[in-house]
Amino acid sequence: MKINKNNQGFTLIELLLVVGIVGIILAVVVPMGLRANIDAKYGVVRQNCSELASFASQWVEKSIQAQDEQSSTATVKDYYASLAGAPEAPNTAGSVLDGQWIAIQTGANNWNLGESGTVDTRSTTQITGRVMNNQDDQAPEDCVEDIIPPDKSIRNPFTQVSVFRAPNDPETQGGPITGAVALGGAAEDVGDAGGNPWIYYAFAFQGTDSTTAQLIGDDTTFHAGMGLDTIPKLRNGVFLGRFR
């Protein structure tokens, strides 16, 4: 009995068609997967900001309790202002604080322990109106990083480095860093007749679309419409608090 066999296999056209279909699928699926991965990391950065807000609040409460209660004029919003790059909160509606990177390494700050991450390298900044031992405008004894438990690590998911270390400081690195976090504040135009405006504080962070290390005045500095120079941009960030 004669058996017919088809030994032709796939034709070149069929192979090209399959390769083309696979290419189209990869062209759609791979970018979606990468985008999902980046979006997940942005979610981690937002969670980091929420945790930083909690620890910052604990630090403010601890520092307020430590100052001379009878002589000090520094308020809660002044302590937050020190975390946003100023010795005191503004008292004029419409004023904007300088803003400060959480990982700032270029000078004293109330966020971190410096590049080495050890207490002996800590250098905190003064707060106007803080009196300690009859000395005016004193710097706090510790910083926010001091009060974070040793087993609690807050890392930038894009760099895999602690949010407090230099690899997350755009100024030190000379350019934008995806996931780098800064705190800013602005005085809202809703103050009372005595000129005591509400101060709105929020975190903003950089994204893959960031192009500069600037803190103020550049729309491309932060991710998704965030910014530190207007209340609307601050509201696009991660809320820390509103004080008067």
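The values are calculated or read from the model by the stated rules, or taken from the named source; none is laboratory data. Everything numeric here is computed off the predicted structure, so don't read it as measured data. Cβ sites come from the backbone with ideal geometry, for glycine too, and all protein chains shown count toward neighbours.
Miscellaneous remarks
- Within segment 187-204, tally of residues that are aliphatic (A, V, I, L, M) and at pLDDT 95 or above: 2
- The set of residues from segment 149-163 being assigned to a strand (DSSP E or B) and either within 22 Å of ALA36 (Cα to Cα) or aliphatic (A, V, I, L, M) (or both) comprises ARG155, ASN156, VAL161.
- Hey, LEU183 modelled with pLDDT of 95 or more and under 24 Å from PHE239 (Cα atoms) or not: yes
- Evaluation of GLU145 against (1) at pLDDT 95 or above; (2) touching a strand residue (DSSP E or B) at 6+ places or on another chain (Cβ under 7 Å); (3) not in a loop (DSSP other than H, G, I, E, B) (one fails), failing number: (2)
- Residue in segment 36-49 that is aliphatic (A, V, I, L, M), at pLDDT below 80, loosely packed, with under 13 Cβ neighbours inside 10 Å and out of contact with any Lys or Arg (no Cβ under 9 Å at 6 or more places or on another chain) present: yes
- Matching residues in segment 40-86 - criterion: being within 17 Å of GLY185 (Cβ to Cβ), not aliphatic (A, V, I, L, M) and not in a helix (DSSP H, G or I): THR75, GLY85
- Condition broken by ALA74, with the remaining ones in (1) surrounded by fewer than 22 Cβ atoms within 10 Å (Cβ to Cβ); (2) over 17 Å from the mean Cα position of the chain (by Cα) satisfied: (1)
- Hits in segment 164-185 - residues which are assigned to a loop (DSSP other than H, G, I, E, B), touching an Asp or Glu at 6+ places or on another chain (Cβ under 9 Å) and closer than 19 Å to LEU240 by Cα: PHE164, ALA180
- Failed item in (1) of a type in the set (D, E, K, R); (2) crowded, with 18+ Cβ neighbours inside 10 Å; (3) not in a loop (DSSP other than H, G, I, E, B), with ARG130 passing the rest: (3)
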